[in-house]
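Have a look at the structure below before the remarks.
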Number of protein chains: 2
Amino acid sequence: MPHAVRREIVQPDGRRVYLYGDFVPAPEDYQAPAMPNGVYQRRWNPLRREWVLVAASRQARTFLPERTACPLCPSRPGHSSEIPASRYQAAVFENRFPAMVAPGGHCEVVVYTDQHDGSFATLPDDRLQLLADVWTDRYRELSRRPDVRYVFIFENRGEQVGVTLHHPHGQIYAYSFIPPVPATELRRQTRGCLQCRLIRDELDGKRRVLINGAGIVAYVPGYARWPYEVHVTSRTHRASLAAMTPALRMSLLTSMQRVARAYDRLFETPMPYMMVMHQAPTGAKPPTQAHLHVEFYPTLRERGKLKYLAGSESGAGVFINDTLAEESADRLRALLE
Amino acid sequence: MPHAVRREIVQPDGRRVYLYGDFVPAPEDYQAPAMPNGVYQRRWNPLRREWVLVAASRQARTFLPERTACPLCPSRPGHSSEIPASRYQAAVFENRFPAMVAPGGHCEVVVYTDQHDGSFATLPDDRLQLLADVWTDRYRELSRRPDVRYVFIFENRGEQVGVTLHHPHGQIYAYSFIPPVPATELRRQTRGCLQCRLIRDELDGKRRVLINGAGIVAYVPGYARWPYEVHVTSRTHRASLAAMTPALRMSLLTSMQRVARAYDRLFETPMPYMMVMHQAPTGAKPPTQAHLHVEFYPTLRERGKLKYLAGSESGAGVFINDTLAEESADRLRALLE
């Protein structure tokens, strides 16, 4: 950790909590919440040739609690949250309602700040810097575990994508296999890096580029599946956060935040979205040629209207996009600060 | 058409309407709605190796109209619907807000009945029989078009999967390529039929079988992605509706309806779902070994709680199922009539 100090705490049920930066210890009456029993299996879907994770304890997971019961807020006398601290800057903990358990996978929750209100879009610069360090540290550490082949950093934002907690946070899934989407991306990397070529095409065309500066490029890809999908990536080839300088990482997160802010302005409402980060797989012999990129999938196609995944998307695998990527880029570009 | 008579009507904008069975002509003041201009493109997504359909006129499509303005109800003096008939039994028309246009694809709407209320689950037997004939006719006819490689019959049901019209109806997309999901299924058909093997496994195991009779098998697949996913298929190898006898087709639809009724009982509310039918591709040299099967993806995981596709599903391609397929099968089996 070049910038942030990390403190590791093991909860009574064995789950680890990592506090990054400064913190104040938990109140004396702190009682760690315990992980419920569950069934965790990986099942092979031979029709789609993919793994399905079965996690049959998650039904009981915390669902839109009252603000005073927020499990991601600092603990206080009488309220023991997931975070054994009375104040903290950023925290990571092993999910109490995971999709998979070790060995065979790891699920972590990344809490961006101890402030309940706000979002990734409103994080101040020092928290953004800390988050870059946290993500990099988690990528490095999870990559070293023998059962991990792919570290997947993502954020679900908004009730419309199923978010059950409002406190600003993201997640990390460390899979014991390379998931289908990044696997497909990597299969194409036969002659040079596909992502490098896509960036070059977008920069040549200019038409869909939102941001080009400080080593980072953001654009609405011409082949976007979602009406306002945006990809954010490093202009030169970088396999992962760990292969970036701290300055380039901060530039990446700053660009991501500019995109997230434009989203919130687009329909004058907090935009529900998924943010996913594709990086190099890990393990003994990972495929080469991965190029870090972040994909934002915002789920509104108009004010008050969600883009749904229906028969064509779910049953055939064919996305229908109601918008032209070029026009979406124009609208978002006008909203960038 | 062995059972139903088909009458074809061409609207002024060139879109075709097919009336199946008996009907009463439209009122004299009938004014056909016209298709708006739009941009229709097929774009290649090189990261996911899939086509994305761009359809940039659909934003204006009819969205939950008042009941009296329903575009799928029969026309009457003063109300011209999509159907140029004052009464009808079943109708198919080319979508006025399509995802693709000829040449390069076809989008049809299949109206199950002229009765506004009800659903696939409540169709009487004679309409179910007619629907079997309609689907078979559309599969045959669309298969013969030179720009069609795959005929995809499906239904989106419920506002929670983006349905914009409540009148009982489904859709057909005739793609000019084999979509990724059926393409993946067909790639596995190296030694015999995969679907035949999966059926045998389910019947041997018994544990997840819901229906086994009259040539049709329905089960919750062990590798279900959705909490109450059900597959319905012919016990012996049948490539498509066109390869089935009328009796077997009726048995298929009756079994599908039993599943749909069990869904509506499960949480005592109309279950939102996607129903998709995978059949043999068409065209000059279609892959062999396709085996017709219907997949139901109901989107509720509990009463009032939707299963969302979030970061893991959308960005990594890894589904997380909160339920055990075996327990889901038990619950659904108890609700079958």
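Read-outs: derived from the displayed coordinates by stated rules, not from any lab. Predicted model, so just to flag it, every value in this text is computed and none were measured. For neighbour counting, all protein chains shown are included, and Cβ atoms are generated from backbone atoms with ideal geometry for every residue, glycine included.
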Residue-ordered couplings for segment B:205-218, obtained by feeding phi - 60° into the Karplus form 6.51 cos²θ - 1.76 cosθ + 1.60 and rounding to whole Hz (Gly and Pro as x), are x, 6, 3, 10, 7, 9, 9, 8, x, 6, x, 10, 10, 10
Trypsin sites (Lys or Arg not before Pro) in segment A:36-138 lying in a DSSP loop, each with at most 14 other Cβ atoms within 10 Å of its Cβ, come to A:ARG49
Chain B: relative contact order from alpha carbon pairs under 8 Å, six or more residues apart, as a whole percent, is 15
Expressed in Å to one decimal, the Kirkwood Rh of segment B:149-220 from all distinct alpha-carbon pairs is 15.2
When the charge dipole of the protein assembly as shown is computed with +1 at the Cβ of Lys and Arg and -1 at the Cβ of Asp and Glu, the Cα pointing farthest to the positive end, of B:PHE296, B:ALA316, B:TYR88, is that of B:ALA316
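At 25 °C and a viscosity of 0.890 mPa s, what translational diffusion coefficient does Stokes-Einstein give for chain A, taking Rh as the Kirkwood radius over Cα pairs? Give it in µm²/s as a whole number.
For these conditions, the coefficient is 118 µm²/s.
Cut-off is 10 Å between beta-carbons; in what order do B:LYS305, B:LYS285 appear when sorted fewest neighbours first? Please report the intermediate quantities before stating the final value.
Working: B:LYS305 16, B:LYS285 6.
Fewest-to-most Cβ neighbours within 10 Å comes out as B:LYS285, B:LYS305.
Report, for segment B:6-180, the % of DSSP beta bridges that are antiparallel, rounded to 5.
About 95 percent, rounded to the nearest 5.
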homo-copy label distances at A:GLY192 (7 angstrom along Cα-Cβ), nm, one dp, ascending, are 4.8
Taking max minus min of the Cα coordinates of the protein assembly as shown on each principal axis, largest first, gives extents in Å of 77, 55, 49
Applied in sequence order to segment A:92-102, the curve 6.51 cos²θ - 1.76 cosθ + 1.60 (Karplus, θ = phi - 60°) yields integer Hz couplings, x standing for Gly and Pro, of 10, 9, 6, 4, 7, 10, x, 8, 7, 10, 6
Segment B:1-45 and segment A:13-38 have their Cα centres apart by a whole-number Å value of 62
Axis carrying A to B; for chain A the Cβ-nearest residue and its rounded Å distance come to A:LEU309, 3
If labels are modelled 7 Å from Cα along the Cβ direction, B:PRO246 lies from its partners in the other copies at nm distances, smallest first, of 7.9
Rh_Kirkwood(segment A:191-335) over Cα pairs, Å, one decimal, evaluates to 15.9
Sorted shortest first, the nm distances from the A:PRO77 label point (7 Å along Cα→Cβ) to its counterparts in the other copies are 8.0
Applied in sequence order to segment A:256-264, the curve 6.51 cos²θ - 1.76 cosθ + 1.60 (Karplus, θ = phi - 60°) yields integer Hz couplings, x standing for Gly and Pro, of 4, 5, 4, 5, 4, 5, 4, 4, 5
Toy charge model, Lys and Arg Cβ at +1, Asp and Glu Cβ at -1: segment A:186-337 dipole around Cα centroid in debye, rounded to 20, equals 460
Proxy exposure order for B:VAL5, B:VAL161 (fewest C-beta within 10 Å first) is B:VAL5, B:VAL161
The distance between the Cα centres of segment A:165-207 and segment A:103-158, in whole Å, is 17
Among chymotrypsin sites (Phe, Trp or Tyr not before Pro) in segment B:110-184, those in a DSSP loop whose Cβ has at most 13 other Cβ atoms within 10 Å are none
Exposure proxy check on A:HIS291, A:HIS237, A:HIS166: fewest-to-most Cβ neighbours within 10 Å is A:HIS237, A:HIS166, A:HIS291
In segment A:61-107, the GluC sites (Glu not before Pro) that sit in a DSSP loop and have at most 13 other Cβ atoms within 10 Å of their own Cβ are A:GLU66
What helix-only [θ] at 222 nm does chain A give? Using -39500 (n - 2.57) per DSSP H run of at least 4, over all residues, to the nearest 500, the answer is -7000 deg cm²/dmol
